[in-house]
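Novice: This is the structure, below, for whatever I ask next.
The values are calculated or read from the model by the stated rules, or taken from the named source; none is laboratory data. From a predicted model like this one, the values you see are computed outputs, not experimental measurements. Methodologically, a virtual Cβ is constructed for each residue, glycine included, from the backbone with ideal geometry; neighbour enumeration extends over all protein chains shown. What goes into the accessible areas is simple: the full protein's heavy atoms, side chains included, and nothing from ligands, DNA or RNA. Shrake-Rupley method; radii C 1.70, N 1.55, O 1.52, S 1.80 Å.
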Amino acid sequence: YDPYEDRFVVVTLERVQGTSSAGPDNESRIFLAVSKSGTPKTPTSRDWHYLSIDAKQTVFGSFDGWADYPGLEVDEEAIYVTANIFTFNPFGFFGGVRVWITAKEDLYSGGAATAATYDPAAESGFIATTMMPAQVYGDGGIGGPGSSLGTYLAAYSGLTFGGPGGLEVIQVIAIDDPLGVAGGPFFTGEFVELGDIENVGGSCSFPALADAPQAGRAELIEVNDRRALDAVYRNGQLYVVATIDPFGPCDPAVAGETTAYWARLDASGGPGTIVLGDSGIIDGEDIAPNTTTFFPAIAVNRNNEMKVGFSASAPTIFGGAFAAGRRIGDGAGTIGPTETIKAGEDAYFRTFGGPRNRWGDYSGISVDPSNDRFFWVFNEYALMRSDTPDSSGGDGRWGTAWGRTK
């Protein structure tokens with residue numbers, strides 16, 4: 001939701017695999033849609049403007065790359081879409097990260113909109129790993145009226161100084177002059193120290209997370225990896241969430257228990273001065289013993305109250321959708337009690353013939369457009385399993401739940 005213009009913005013991707021790793025029949029597109037008002041009634045051009053972006057990239061000199069794993073946010077003047085780039089089959093190599101910047105004025109008016117593509121890691125000299133743009137709130141965006149700052153790109157992926165026992169960091173890349181009014185965009189990066197939040201480095205690097213146990217089946221639910229999953233900028237603070245494993249599995253003394261992690265970075269001084277303000281984990285132990293929490297998403301209201309939506313499962317519960325929040329008076333590093341958005345109904349197992357029991361790679365959360373004190377949470381939960389397993393024995397089914405909370 002775009003709070004500046006009272007519009008909704010949607011992104012989806014398309015990939016067409018051609019006959020080789022490079023050729024005109026390889027296709028990668030980003031599709032954007034923006035509602036013409038805050039109350040769209042249909043999914044048609046009556047209520048929406050559309051933009052198709054050619055996202056195919058040339059990487060490693062001669063390979064075609066396609067866009068995967070999008071991040072989408074807006075500020076007062078632009079739409080930002082980030083994506084990881086992978087080479088087309090048969091190789092599938094990681095080819096870096098890109099950000100596409102679209103002027104809202106052109107797309108929102110139904111005019112001839114375009115998207116400019118940039119490599120934020122190359123532009124800033126920082127690390128190419130999954131980056132999520134921050135949703136921006138506030139009059140004039142970051143820096144206030146007259147500021148040229150656009151948004152921040154946040155990355156984690158287990159970045160650390162010093163290996164196991166060292167300090168973990170969030171990488172933040174600021175985008176200044178995003179529409180090129182003064183010769184930009186300009187990309188500047190910095191690392192923000194988080195402390196020793198988990199034991200990463202060496203053989204314990206990305207992904208090295210403990211997958212989630214569940215009731216009813218021995219197979220674990222895939223929790224993916226440590227990439228930053230969502231970010232918000234509001235009232236001088238930059239909020240970022242990721243999934244970490246503070247209790248292992250690289251520590252031989254413990255089995256490991258993956259948890260959702262949140263950090264509030266004090267960005268009130270602007271780029272180059274960002275520091276850790278507060279952080280913590282959501283262990284989910286008030287849901288069930290030995291709960292694993294994963295795939296967090298974050299939103300913040302005008303009162304600086306924070307809400308995180310996430311997935312969770314445990315040996316005694318099925319995979320479901322949950323949320324937890326922080327109010328202004330809560331103690332440092334703490335978070336309030338867990339709220340159940342939708343409890344899982346059955347065990348989940350479906351690999352589609354591959355090695356991974358994939359869960360939803362995203363959660364979603366937003367402030368309520370009609371009342372900023374409330375939040376809407378969107379997430380996956382396990383439905384009753386199917387009576388007809390697929391060829392690999394998978395019988396899991398999933399549903400999408402949403403709920404309003406404050």
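Novice: Could you give the size of the charge dipole of the stretch 27-155 about its Cα centre, using +1 on the Cβ of each K and R and -1 on the Cβ of each D and E, expressed in debye and rounded to the nearest 20?
Specialist: Roughly 340 debye, rounded to the nearest 20.
Novice: Across the stretch 306-351, how large is the tail of the calculated P(r) beyond 17 Å, expressed as a percent of all Cα pairs? If you can, show how the numbers build up before the last one.
Specialist: Values: 446 of 1035 pairs.
The share of Cα pairs beyond 17 Å in the stretch 306-351 comes to 43 percent.
Novice: Enumerate the whole-percent occupancy of each 10 Å bin, from 0 to the last occupied one, for all C-alpha pair distances of the stretch 20-134.
Specialist: All Cα pairs considered, the percentages come to 14, 40, 30, 14, 2.
Novice: In a Debye calculation with equal point scatterers on the alpha-carbon sites of the stretch 200-359 and no solvent, what is log10 I(q)/I(0) at q = 0.09 Å⁻¹?
Specialist: The Cα Debye sum returns log10 ratios of -0.31.
Novice: Something else about it: Take each of the peptides 87-99, 216-228, average the number of other beta-carbon atoms within 10 Å over its residues, and list them starting from the highest.
Specialist: Descending mean neighbour count gives 216-228, 87-99.
Novice: Another question, then. Given the Cα atoms of the stretch 251-336, and with Rh set as the inverse mean 1/r over their pairs in the Kirkwood sense, what is Rg to Rh to two decimals?
Specialist: 1.03
Novice: Once you've got the Cα coordinates, tell me which of K41/K104; K104/K342; K56/K104 are over 26 Å apart.
Specialist: K104/K342
Novice: Please state the Cα pair-distance histogram of the stretch 265-406 with 5 angstrom bins from zero: what percent is in each bin?
Specialist: The distribution over the stretch 265-406 is 2, 10, 17, 18, 17, 13, 9, 6, 4, 2, 1, 0, given as percents.
Novice: Build a GNM of the chain with springs between Cα atoms under 10 Å: which of V11, V181, V200 gets the top mean-square fluctuation?
Specialist: Most flexible of the set in this elastic network: V181.
Novice: Find which of G71, A242, T160 sits farthest along the positive direction of the dipole of the chain, computed with +1 on the beta-carbon of Lys and Arg, -1 on that of Asp and Glu, about the Cα centre.
Specialist: My answer, from the dipole projection, is G71.
Novice: Please identify, among N371, N303, N235, the residue showing maximal mean-square fluctuation in a Gaussian network model of the chain using a 10 angstrom Cα cutoff.
Specialist: In the Gaussian network model the winner is N371.
Novice: To continue, here is another question. Under unit Cβ charges (Lys, Arg +1; Asp, Glu -1), what dipole magnitude, rounded to 20 debye, does the chain have relative to its Cα centre?
Specialist: Working: 27 positive and 51 negative charges, 152 e Å.
With Lys and Arg at +1 and Asp and Glu at -1, about 720 debye.
Novice: May I ask you to derive the relative contact order of the chain, considering only C-alpha pairs under 8 Å and at least 6 residues apart, and to give it as an integer percent?
Specialist: Details: 1154 pairs, mean separation 36.2, N = 406.
It comes to 9 percent, rounded to a whole number.
Novice: For K406, give me every one of the aspartates and glutamates with a C-alpha distance below 16 angstrom, ignoring sequence neighbours fewer than eight places off in its own chain.
Specialist: Those aspartates and glutamates meeting the cut-off are E305, D330, E339, D368, D372.
Novice: Please give the charge dipole size of the stretch 233-384, origin at the Cα centre, charges +1 on K and R Cβ atoms and -1 on D and E Cβ atoms. Round to the nearest 20 debye.
Specialist: With only Lys, Arg, Asp and Glu charged at Cβ, the dipole is about 400 debye.
Novice: Something else now. How much mean residue ellipticity at 222 nm does the chain get from its helices, if each DSSP H run of length 4 or more adds -39500 (n - 2.57) and you divide by all residues, to the nearest 500 deg cm²/dmol?
Specialist: Mean residue ellipticity at 222 nm (helix-derived): -500 deg cm²/dmol.
Novice: Under a 5 Å amide H to amide H cut-off, with H placed in plane at 1.01 Å, what residues pair with E339 once short-range neighbours are removed?
Specialist: A323, A324
Novice: Average the reciprocal distances over every distinct pair of alpha-carbons in the stretch 119-202, invert the result, and give the Kirkwood radius in Å.
Specialist: Result for the stretch 119-202, one decimal place: 13.9 Å.
Novice: On the full set of protein chains, 1.4 Å probe, figure out the accessible area of K56 and give it in Å² to the nearest 10.
Specialist: The accessible area of K56 comes to roughly 60 Å².
Novice: Now for a different question. How large are Rg and Dmax for the chain when calculated on the C-alpha trace, in angstrom?
Specialist: For the chain, the Cα radius of gyration and maximum Cα-Cα distance read 20.8, 61 Å.
Novice: Let me ask something additional. With N residues in the stretch 23-78, what two-decimal value do you get for its Cα radius of gyration over 2.2 N^0.38 Å? Could you put the intermediate results ahead of the total?
Specialist: Values: Rg = 15.2 Å, N = 56, 2.2 N^0.38 = 10.2 Å.
Dividing the Cα Rg of the stretch 23-78 by 2.2 N^0.38 Å gives 1.50.
Novice: Right, next: Take the Cα atoms of the stretch 317-387, find their three principal axes, and give me the spread along each one in whole Å, biggest first.
Specialist: 47, 29, 21
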